[in-house]
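Peer 1: One structure is given below, represented as structure tokens, and several questions about it will come after.
The values are calculated or read from the model by the stated rules, or taken from the named source; none is laboratory data. Fair warning: this is a prediction, and the values are worked out from it, not measured in the lab. For neighbour counting, all protein chains shown are included, and Cβ atoms are generated from backbone atoms with ideal geometry for every residue, glycine included. Note: areas computed on protein heavy atoms with side chains; ligands, DNA, RNA excluded. Shrake-Rupley method; radii C 1.70, N 1.55, O 1.52, S 1.80 Å.
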Amino acid sequence: MENERVSQAAGARGLAGMTPLILASASPRRSEILKAVGWPFETHPAGVDETRLAGEAPEEFVGRLAREKAQAVASTRLFGLVLGADTTVLVDGEILEKPHDAEDARRMLRRLSGRWHEVLTGVALVRAETGRARVGVERTRVRFAETSEEEIAWHVETGDVLDKAGAYAVQGRAALFIEGIEGDYWNVVGLPVHLVYRLARGLEAEAQAEGR
């Protein structure tokens, strides 16, 4: 039935490259971004080990996880275009993933206070029928204002920070403390949708060229 729904959704295709997607993520933020641009999709979260490998560079880390998520879901499908993504935060060479608890979240926010940091998102598209894949990484710089212990405690008290890389959501309470963004805003939210579009168009162009 899932494959049938994706096939039926193809009739709703918009711009070239906006092939209906299978989103290998349970992230509500990624779903909201795809809905906002009118991109047809369904969700099929992937369960993969997200442990960083020894010596793995941040770009390699998010790119590998994005590809593994997409491939894990693609392996269960007969056809369809699967989107995998993984986001992390990098400050002074340290990767900040999702905090373990409230104290870890406070530690991360102290690290970000008054500094520029980078948000990296790996994006992978995998065609289930062929296994053909395209992977890219988006990088955005973000500057946090100086934040007090009181502000950090207020930020953390909702508990919403625990499922977010770097312990913040740019579209949530953290917006009060963001002094500047250089690059793709949607990357900071969790999905650089322009990069997804570029990769999808590239796959479509390859398929058309091979069909000639």
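Peer 1: Here is a check on your reading of the model: is Gly114 assigned to a loop (DSSP other than H, G, I, E, B), on the phi > 0 side of the Ramachandran plot and either surrounded by fewer than 19 Cβ atoms within 10 Å (Cβ to Cβ) or touching a strand residue (DSSP E or B) at 6+ places or on another chain (Cβ under 7 Å) (or both)?
Peer 2: Yes.
Peer 1: Could you tell me whether Val82 is assigned to a helix (DSSP H, G or I), under 19 Å from Val62 (Cα atoms) and of a type in the set (A, V, I, L, M, F, W, C)?
Peer 2: no
Peer 1: Let me ask you something else. Read through the list (1) crowded, with 17+ Cβ neighbours inside 10 Å; (2) in a loop (DSSP other than H, G, I, E, B); (3) in contact with a Phe, Trp or Tyr (Cβ under 8 Å, 6 or more places away or on another chain), then give the number of the only condition that Leu109 fails.
Peer 2: Failing condition for Leu109: (2).
Peer 1: Quick one: would you say Thr51 is under 15 Å from the mean Cα position of the chain (by Cα) and polar (S, T, N, Q)?
Peer 2: Judged against the criteria, Thr51 is not a match.
Peer 1: Run down Ser7, Ser31 and say which single residue is of a type in the set (Ser, Thr, Tyr) and at pLDDT 95 or above.
Peer 2: Of the residues listed, the single one that is of a type in the set (Ser, Thr, Tyr) and at pLDDT 95 or above is Ser31.
Peer 1: Something else about it: Among (1) open to solvent by 50 Å² or more (accessible area, probe 1.4 Å); (2) among the acidic types (Asp, Glu); (3) within 19 Å of Val189 (Cα to Cα), where does Asp86 come up short?
Peer 2: Exception for Asp86: condition (1).
Peer 1: Name the one entry in Gly136, Gly80, Gly93, Gly55 that is modelled with pLDDT of 95 or more and out of contact with any Ser or Thr (no Cβ under 6 Å at 6 or more places or on another chain).
Peer 2: Unique residue meeting the criteria: Gly136.
Peer 1: In addition: Search the stretch 178-194 for residues being open to solvent by 20 Å² or more (accessible area, probe 1.4 Å) and touching a helix residue (DSSP H, G or I) at 6+ places or on another chain (Cβ under 8 Å), and hand back the single one that is farthest from Trp39 (Cα to Cα).
Peer 2: Filtering first and then ranking leaves Ile181.
Peer 1: Kindly provide the set of residues from the stretch 129-144 that are open to solvent by 20 Å² or more (accessible area, probe 1.4 Å) and either in contact (Cβ under 8 Å) with a residue 12 or more places away in the chain or within 22 Å of the chain's Cα centre (by Cα) (or both), ordered by number.
Peer 2: The answer is Glu129, Gly131, Arg132, Ala133, Arg134, Val135, Val137, Glu138, Arg139, Arg141, Arg143.
Peer 1: Do you know which of the residues in the stretch 34-53 that are among the aliphatic types (A, V, I, L, M) and either in contact with a Gly (Cβ under 6 Å, 6 or more places away or on another chain) or touching a residue at least 12 places away in the same chain (Cβ under 8 Å) (or both) is most open to solvent (accessible area, probe 1.4 Å)?
Peer 2: Going through the qualifying residues, I end up with Val37.
Peer 1: Of the numbered conditions (1) of a type outside the set (S, T, N, Q); (2) open to solvent by 40 Å² or more (accessible area, probe 1.4 Å); (3) at pLDDT below 95; (4) within 19 Å of the chain's Cα centre (by Cα), Met18 fails exactly one; give the number of that condition.
Peer 2: Here Met18 meets the rest and fails (2).
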